[in-house]
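The values are calculated or read from the model by the stated rules, or taken from the named source; none is laboratory data. Everything numeric here is computed off the predicted structure, so don't read it as measured data. Note that we place each Cβ from the backbone using ideal geometry, even for glycine, and neighbour counts take in every protein chain shown.
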Amino acid sequence: MNLYWLIQAAAYISLVIFIIPVNYIRKLVPYSVIAGIIYTLVVQYTAINILDLWNYNAPLLPVFDIPIFFVLSWFAVTKLYGYFLLKYPYYQVHILIVFVLFTIFNNYVSYNNEQIVFLNWSLTETFMFALFSHVILLYLLKYLYKINELGAKEDMVNLFYKVRKE
C-alpha cells in the first residue's frame, strides 16, 4: 500500500492547522474548494486522462487516476497561499515566488520518490505551469475577497524592491 500522498496530505493539513488562525481557515473555505480541489481536479484530470502528460504510481484511493490525498494536499497548500496573500498583500510577489518554488520542489521530490511518472512533462514545464497557476489563483482570491492590493500595480517592481530592502 502506497501511503506517500496520505502522509503528504496529513503534513500539509497539519501546517494549515498550526499556521492559520481558525477564523481564516473558515474564511478561506470557498477559495480552497475552488482553487485547491476543483482547479486541482481539472488540471490533474486533463493532464492524466486527456493530454497524457504524467501519471501516478499505485496511489491510495484514486479518483479518475488522481490520488485523492494529492488533491487534499493542494487544498491545504492553497489555503496557506490564500492566507499569506490575504494577510500580506504587499508581499504578493514574494509569496508567489515562494509558492511557485515550493510547487517545483514538491514535484521534484515526488518524481525522485517515483510517485509521479512524467510521460510528456518536465520540471521546467512544472515551473512555467506553476507560475501561470499561481497568478490565476492570486486573481481568483482577489476577486472572491475583493482585495484591491492584489494584482498588477504601476509600481509593483519598485514596491518589490522597496519591501525587500526594509
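Listed by first and then second residue, the pairs linking a residue in region 91-102 that is without any contact (Cβ under 8 Å) to a residue 60 or more places away in the chain to a residue that is of a type in the set (S, T, Y), with Cβ atoms under 6 Å apart and 6 or more places separating them unless they lie on different chains, are F99/Y81.
If a residue counts only when it is modelled with pLDDT of 95 or more, more than 17 Å from T40 (Cβ to Cβ) and aromatic (F, W, Y), which helices (runs of 4 or more DSSP H) contained entirely in region 66-166 have at least 1 such residues? Break it down stepwise before answering.
On the way: elements: 68-87, 92-112, 123-145, 156-165.
It comes to 68-87, 92-112, 123-145.
Each row is one residue, and each column tells you yes or no for (1) closer than 17 Å to A76 by Cα; (2) under 14 Å from the mean Cα position of the chain (by Cα); (3) surrounded by 15 or more Cβ atoms within 10 Å (Cβ to Cβ); (4) in contact (Cβ under 8 Å) with a residue 24 or more places away in the chain.
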| position | (1), (2), (3), (4) |
| --- | --- |
| L3 | no, no, no, yes |
| Y24 | yes, no, yes, yes |
| S32 | yes, yes, yes, yes |
| L53 | no, no, yes, yes |
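Within region 98-109, the residues that satisfy the criterion of being surrounded by 14 or more Cβ atoms within 10 Å (Cβ to Cβ) and not aromatic (F, W, Y) are V98, V100, T103, I104, N106, N107.
Can you report the number of residues in region 36-59 which are part of a helix (DSSP H, G or I) and of a type outside the set (G, A, S)? Steps first, please.
From region 36-59, those part of a helix (DSSP H, G or I) are 36-50; that's our starting set.
The next check asks that each one be of a type outside the set (G, A, S); those that pass are 37-46, 48-50.
Residues in region 36-59 being part of a helix (DSSP H, G or I) and of a type outside the set (G, A, S): 13 in total.
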